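Data first, discussion second: the structure below is written as structure tokens.
The values are calculated or read from the model by the stated rules, or taken from the named source; none is laboratory data. Nothing here was measured: the structure is a model prediction, and the numbers come from that model. No Cβ is skipped: glycine too gets one built from the backbone with ideal geometry, and neighbour counts run over all protein chains shown. Note: areas computed on protein heavy atoms with side chains; ligands, DNA, RNA excluded. Shrake-Rupley method; radii C 1.70, N 1.55, O 1.52, S 1.80 Å.
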Amino acid sequence: MRGRQLRRAAICLLAVVAAVPVTGCASGREATVERPTTARDNAQLTDPDAARRAAEKAALDAYSGYLAASRAAGVRSDPRAPELSRFLADPLLTRVQLSIRDAKEHGAMRTGTLKSDPTVTAVSLDVKPATVEIQDCLDTTGYRLVYAKDKRPVPGSGGGRHLSTATATRYPDGRWLINAGTTHRDQPC
């Protein structure tokens, strides 16, 4: 019975990891911080290409941070790791946190390396909130779900190379956070 539950948890965790390794919850009462307009902000308002480049960079930085924070939280089996909320927002944050918690409850943890090579596929700065769509070919062949006790691989948790998509959203405080992500296990890359 426990093996079946762990396999089910592994499959759920793999699905989240493919979108990148985990998610969490927000309180819904985030503070909005008004920041003064700078000369750089004014330049971006008048130069759409500069605004687009800045959005792409910020979104890719958030995505990279999300992957790193998810890996670190997964290795420590810490669903409440504070770095998760630095790069993730709901609903993805909650999914990642639940996935890490589920693995921990079943005596499993993540180990190894996750390879990523993301690209921006769409930038929508004229909508509220602004979004950036990201596509990645995640390589999880070296990123394993193992039993924490003896580091044996959890059956059915093998990795591979699959298409992953994510959405970065600009929040009122100016931060870009990853709030949606999916690993497309049916689309190898």
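Remarks
- Subset tally (residues that are open to solvent by 40 Å² or more (accessible area, probe 1.4 Å), over 23 Å from Asp61 (Cβ atoms) and in contact with a strand residue (DSSP E or B) (Cβ under 8 Å, 6 or more places away or on another chain)) for segment 104-116: 2
- Residue that is modelled with the lowest pLDDT, among those in segment 151-175 that are basic (Lys, Arg) and either touching a helix residue (DSSP H, G or I) at 6+ places or on another chain (Cβ under 9 Å) or at positive phi (or both): Lys151
- Among (1) open to solvent by 90 Å² or more (accessible area, probe 1.4 Å); (2) at pLDDT below 95; (3) assigned to a helix (DSSP H, G or I) - the single one Arg53 does not satisfy: (2)
- Single match in Leu88, Leu114, Leu98 (criterion: within 15 Å of Leu177 (Cα to Cα) and in contact with a helix residue (DSSP H, G or I) (Cβ under 9 Å, 6 or more places away or on another chain)): Leu88
- Total residues in segment 66-88, condition open to solvent by 10 Å² or more (accessible area, probe 1.4 Å) and either in contact with a strand residue (DSSP E or B) (Cβ under 9 Å, 6 or more places away or on another chain) or not in a helix (DSSP H, G or I) (or both): 10
- Tally of residues being basic (Lys, Arg) and outside any helix (DSSP H, G or I) across segment 90-140: 3
- Extreme residue, nearest to Thr167 (Cα to Cα), among residues of segment 63-108 that are in contact with a Leu (Cβ under 6 Å, 6 or more places away or on another chain) and small (Gly, Ala, Ser): Ala89
- Among the candidates Ala81, Ala68, Ala59, residue that is of a type outside the set (Phe, Trp, Tyr) and touching a residue at least 60 places away in the same chain (Cβ under 8 Å): Ala59
- Output for segment 143-189, where each listed residue is open to solvent by 70 Å² or more (accessible area, probe 1.4 Å) and assigned to a strand (DSSP E or B): Arg144, Pro153, Arg161, Arg170, Arg185, Asp186, Gln187, Pro188
- Screening Leu6 against (1) at pLDDT 50 or above; (2) more than 18 Å from Ala168 (Cα to Cα); (3) assigned to a helix (DSSP H, G or I) leaves a single unmet condition, (1).
- Inter-residue pairs, beta-carbon under 7 Å, first farther than 21 Å from Leu67 by Cβ and in segment 128-150, second of a type in the set (Gly, Ala, Ser) and not in a strand (DSSP E or B), 6+ apart: Ala130/Ala55; Tyr147/Gly107; Ala148/Ser77; Ala148/Gly107; Lys149/Gly107
- The residues in segment 117-129 that are over 16 Å from the mean Cα position of the chain (by Cα) and either farther than 15 Å from Thr182 by Cα or surrounded by 17 or more Cβ atoms within 10 Å (Cβ to Cβ) (or both) can be counted, and the count is 8.
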